[in-house]
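Below is one structure, written out as structure tokens, with a few remarks after it.
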Amino acid sequence: MNDSAFEQQSRRLWQKAYDASRSQGAGGMQAEDIAQEVMLRLWQMRHDLDRYHSPEMLARLMGKRLTINLLRRKNAISLDSQSLMLSTTASSPQELLEEEENTRWLEQRLRTLPDHQYAILYMRQVEQRSYEEIASLLGFEESSVRTLLSRARKALLEALRKRL
């Protein structure tokens, strides 16, 4: 697709990406940002768009996936000490004290994990990375990543069982 053909279709492509983002639950401003991101990506690949059956469907798919990724990151649970107290539902001082104690306990258990297990747990649970991506980033085999993640989870589970 040449530049002028892309410019002629750009408004329709933007609208498809925007609609897809809204249908996945993004707010108006978020959907506009995502649609703009889709347009930037489509512009970068504009010379290859002719090989796609429908650039409109590609824009919708990109908008949908970018929105899903955004919502995953937004809902991710951070493992840092500031955000371990997720949503305080405690209504009494006793419950608040128990939540603080639970948070400190979890922080201590996380610090006892070997560095590579903690890193893998963080990348998988918080950053929502795939096993393949973690393996390539850390230079491990994918099977090793799965094993180390399993060990980290098992160690936390055993510590929790002992605590209860």
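The values are calculated or read from the model by the stated rules, or taken from the named source; none is laboratory data. Bear in mind that the values here come from a model prediction, so they are computed numbers and not experimental data. Note: ideal-geometry Cβ built from the backbone for every residue, glycine included; neighbour counts use all protein chains shown. Only protein heavy atoms, including side chains, enter the accessible area calculation; ligands, DNA and RNA are left aside. Shrake-Rupley method; radii C 1.70, N 1.55, O 1.52, S 1.80 Å.
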- Query: Looking at 113, 121, 106, which one is open to solvent by less than 70 Å² (accessible area, probe 1.4 Å) and under 27 Å from residue 65 (Cα atoms)?
  - Reply: 121
- Query: Considering only residues of segment 122-158 that are part of a helix (DSSP H, G or I) and polar (S, T, N, Q), which is nearest to residue 105 (Cα to Cα)?
  - Reply: 125
- Query: Out of all the residues in segment 10-25, is one or more touching a residue at least 40 places away in the same chain (Cβ under 8 Å), open to solvent by less than 40 Å² (accessible area, probe 1.4 Å), of a type in the set (Gly, Ala, Ser) and not in a helix (DSSP H, G or I)?
  - Reply: no
- Task: Could you tell me whether any residue of segment 60-70 is more than 30 Å from residue 1 (Cβ to Cβ), open to solvent by 80 Å² or more (accessible area, probe 1.4 Å), at pLDDT 85 or above and part of a helix (DSSP H, G or I)?
- Result: no
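Specify the residue that is surrounded by the fewest Cβ atoms within 10 Å (Cβ to Cβ); the eligible residues are those in segment 131-164 that are acidic (Asp, Glu) and within 20 Å of the chain's Cα centre (by Cα). It would help to see each step written out before you state the result.
Of all residues in segment 131-164, those acidic (Asp, Glu) come to 132-133, 141-142, 158.
Among the residues that remain, those that are also within 20 Å of the chain's Cα centre (by Cα) are: 132-133, 142.
On the way: 132: 10, 133: 15, 142: 14.
Across segment 131-164, the extreme among qualifying residues is 132.
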